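Below: the structure, in structure tokens.
The values are calculated or read from the model by the stated rules, or taken from the named source; none is laboratory data. Note that the structure is predicted; figures quoted are calculated from it, not measured. Note: ideal-geometry Cβ built from the backbone for every residue, glycine included; neighbour counts use all protein chains shown. Just so you know, the surface numbers come from the protein's heavy atoms only, side chains and all, with ligands and any DNA or RNA stripped out. Shrake-Rupley method; radii C 1.70, N 1.55, O 1.52, S 1.80 Å.
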Amino acid sequence: MSFNVSDIRKQFPILDTQIAGKTLVYFDNAATTQKPKVVLDALEDYYASSNANIHRGIHYLAEKATAAFEATRKSVQKFLNASSHEEIIFTYGTTDSINLVARTYGEAFLKAGDEILISNLEHHSNIVPWQMLCEKNGCVLKVIPIDDHGDLILEEFDKLLTEKTKFVSVVHVSNALGTINPVDYIIKKAHEVGAKVLIDGAQASSHIPVDVQALDADFYALSAHKLFGPTGTGILYGKKDLLLSMPPYRGGGEMIKEVTFEKTTYADLPYKFEAGTPNIADVIAFKSGLEFFDSLDKEALHAYEEELLQYATAQLKAVEGIRIIGEAKRKVSVVSFVMDGVHPQDIGILLDQQGIAVRTGHHCTQPLMQRFNIPGTVRASFAPYNTKEEIDALIAGLQKVRRFLL
């Protein structure tokens with residue numbers, strides 16, 4: 001490897017946390033990644049030396065904050081390889097981004113009888129907004145099924161895709177199983193019938209390269225907090241012509257060009273979709289998170305995370321009573337499992353007492369859990385700062401759980 005895991009860990013102060021006399025093992029990265037010191041420093045620096053509202057002020061602090069805010073937009077444009085900074089909309093996260101598209105493009109252009117395709121892998125945030133749209137507009141929601149390994153059944157996708165299909169919204173990487181979906185194929189086939197496509201990239205962005213132009217995605221959503229940045233900040237990428245055609249999402253300051261009591265005209269892109277005072281500090285700090293991630297050798301990173309995934313999978317399978325849920329052909333470093341006779345929440349509680357942080361429950365994917373006929377799973381998700389030694393600690397912790405509960 002051309003990067004040093006020990007050096008990476010030193011950049012994350014929270015990893016020194018002590019729990020019951022043991023150093024924290026943090027395997028909840030699919031919920032949110034930890035933040036490197038450069039992000040923490042950027043937050044402090046904004047409030048200490050740049051705190052001002054942006055875009056509307058002409059004084060020094062306002063101009064400094066505005067420049068830093070817009071620099072993040074340019075960094076995200078480069079990260080996603082968008083063709084213009086105007087195609088980068090700041091939101092409050094992936095959920096907000098998906099709701100924006102459903103409430104604007106969906107309500108403006110989808111009508112009764114139009115079909116929307118999602119998949120059985122979706123997070124609730126990529127299910128509920130489309131259900132709400134269907135209830136309001138009379139659209140029909142259809143679901144692409146998955147097989148027992150957690151892979152989409154593409155033959156069924158092909159059958160569902162018809163001239164009635166007007167929108168497809170699928171996750172790039174499953175937050176619950178780690179499955180990498182063939183979004184390039186999905187986008188290509190959807191475009192052949194004239195459908196637009198949104199990709200939920202919340203889990204993909206910290207694991208695999210994303211090039212929205214190469215994908216030809218119409219919309220792509222992600223969250224800063226899953227990419228080593230702060231919480232409460234997200235991105236919606238949209239093709240410029242589509243964003244221009246869509247009505248605003250929220251009304252108020254910043255998203256206007258001129259307001260009278262008779263009529264309001266709206267601001268140009270991207271500001272048409274950014275009403276009110278944004279999450280300035282966190283957007284600015286997100287740039288530092290992107291810079292941290294960009295500093296890593298991606299080829300070495302991907303190889304290392306795959307090594308962690310394979311090691312954890314093999315070690316878990318060796319534990320009596322453990323069953324892994326979701327072994328797709330292509331996965332990121334996420335492993336979900338159940339233990340015979342033990343509720344996932346009980347496992348999580350007992351692991352926490354040993355300083356090991358995992359996620360338990362349905363992971364905001366209740367239909368997916370129903371597909372596997374389980375209430376939930378234990379999920380361990382890995383990041384560049386995790387190690388095989390930490391996985392060994394997880395396995396030892398699970399052995400203790402078995403001895404204590406079974």
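Assorted remarks:
- In the calculated pair-distance distribution of region 327-378, the portion above 13 angstrom amounts to 61 percent of the Cα-Cα pairs.
- Over 40 Å [Cα-Cα, the chain], rounded percent: 19 percent
- Low-density loop cleavage sites - trypsin sites (Lys or Arg not before Pro) in region 64-101, where at most 13 other Cβ are within 10 Å (DSSP): none
- Averaging the sequence gap over all C-alpha pairs within less than 8 Å and six or more residues apart, then dividing by the number of residues, gives region 89-226 a relative contact order of 24 percent.
- Whole-Å distance, taken between Cα centres, linking region 291-336 and region 106-133: 31 Å
- Loop-located chymotrypsin sites (Phe, Trp or Tyr not before Pro) in region 1-57, at most 16 other Cβ atoms within 10 Å (DSSP): 3
- Pairs from 136/331; 78/142; 10/64; 188/272; 136/196; 78/226 whose Cα-Cα separation, in the structure shown, is over 24 Å: 136/331; 78/142; 10/64; 188/272
- Selection of GluC sites (Glu not before Pro), region 266-364, meeting DSSP coil and at most 12 other Cβ within 10 Å: 320
- Residues 140, 319, ordered by accessible area of protein heavy atoms at a 1.4 angstrom probe radius and largest first, appear as 140, 319.
- Accessible heavy-atom area order of 16, 346, highest first, probe of 1.4 Å: 16, 346
- For 379, 371, 323, the ranking by accessible surface with the largest value first comes to 323, 371, 379, using a 1.4 Å probe.
- For the chain, built as a Gaussian network whose Cα springs stay under 10 Å, the top-fluctuating residue of 342, 38, 212: 342
- Take 243-256, 191-204 and order them by the average number of nearby Cβ atoms within 10 Å per residue, most first; the result is 191-204, 243-256.
- Gap separating the Cα centres of region 351-383 and region 19-74, nearest whole Å: 29 Å
- For region 87-165, the relative contact order works out to 31 percent when only alpha carbon pairs closer than 8 Å and six or more residues apart are counted.
- Degrees between helix 183-192 axis and first principal axis of the chain (Cα, 0 to 90, nearest 10): 40 degrees
- Rounded to 10°, Cα long-axis angle of helix 280-295 versus longest principal axis of the chain: 50 degrees
- Using alpha-carbon coordinates, inclination of helix 128-137 to the longest axis of the chain, degrees: 40 degrees
- Only protein heavy atoms count here; on that basis, with a 1.4 Å probe, residue 148 has an accessible area of about 110 Å².
- Full-stretch length increase - residue 352, residue 265 - with 0.36 nm per residue and alpha-carbon distance subtracted: 26.0 nm
- Listed by chain and number, the aspartates and glutamates whose alpha-carbon sits under 18 Å from that of residue 159, ignoring those within fewer than 8 places in the same chain, are 114, 115, 147, 151, 184, 192.
- Remark: relative contact order (the chain) = 23 percent; criterion is Cα-Cα distance under 8 angstrom and separation of 6 or more residues.
- Taking amide hydrogens as placed 1.01 Å from N in the peptide plane, the amide H of residue 119 sits under 5 Å from those of 144, 171, each at least 5 positions away in sequence or on another chain.
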